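Note sheet for the following structure.
Throughout, read-outs are computed from the coordinates displayed, never taken from laboratory work. Not measured: the values here are computed from a predicted model. No Cβ is skipped: glycine too gets one built from the backbone with ideal geometry, and neighbour counts run over all protein chains shown.
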Amino acid sequence: MRWRNLNPGVVLAALIALAGLLACEGPAPTPAARHGGPPRAASPSPTPTSTPALPPYFIEALRIRPYPGGRIQIGEVMVRGQGFTRYQMSWPAEGQVMTGTIAIPDGPGPFPVVLVEHGFIPPERYWVGQDSAIFGDPMAAHGFLVLAPNWPGYAGSGPGPPGLPPIVGELVTTLDLVSSLGTLPQADVSHIACVGHSNGGGICELAMVVDPRIGAVVLQAPISSDMADNARTWWDQHPEDLGALGTPDSNPEGYRHLSPRNYFAPGQPPVLIVQGTADHTIPAAWTQATYDALTQRGVTARLLWIPGGDHDLVGANLATAVAAQEAWIRQALHLS
């Protein structure tokens, strides 16, 4: 049959009939319908699943926590030393006002920064600058900007962040202080070291694995880098302060994630550890274990034993420790 021989009216009628037939058949079946199953509706967009929040004291959580800081306020003069002046200071942290001291070298700066963390002293017996000036003032006299925070609840500092064990609150407020350094024209924020004595050493251990702005670390007779050691020795005596962290026996996983030793890694700041051989507070085995863990994990470290030195170094022993401290920081921060 040839199309040109068909009657146009017949062709038009046939096309209209075919269109009606297709309209009655409906849409093409889905693959499921072709295989005998029911037609599938379009799948909705997947709903994102929320990841449970990490406990706030985990080092992983501390690494992503914001530390906004604010403006450092310089207060009254405390000491005029040779080549520096030490003042009272304050800064905002976690909605509270924190206090401490700042020793500013003579001259325009900017100066490399040293944070000095004092050791544990009962708040009622603590005085501003105690256990920090002996490590900080010699550094200020040699051209370092030295800031020594008073811990939360000490000497006018506000309370620590709620829900955190004390050492973590001390770390958080210190890192807010680090964030505040940019408000000081005297501060060279590209060169920051952390010096800590005893419990303050534990704060520096945490800081070095949490905050990459820390470029050098000196631990003066530090507490253990395994936080379970410290809890069993001291913290368990005040379980009400530990909050959700609890004890090592009740929360071993929490202590694993709070212990800097488990997070030492290549690329972290060089660490000098100084301790007296007659230290009656910090077991030598703890210090050796921290040093061994640092070197095994690829962190540059040195352990300096002070013969006959106790936990609180004095006299020639203290002078040796501070001289080693300064030399280490200068080398680690690549200062001339």
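Structure notes:
- When only alpha carbons of segment 59-332 are considered, Rg and Dmax amount to 17.2, 53 Å.
- Sparse-neighbour loop sites [chymotrypsin sites (Phe, Trp or Tyr not before Pro); segment 121-156; at most 12 other C-beta within 10 Å; DSSP]: 127
- Distance from the alpha carbon centroid of segment 279-336 to that of segment 126-185 works out to 21 angstrom.
- Relative exposure of 235, 151, judged by other C-beta atoms within 10 Å (fewest first): 235, 151
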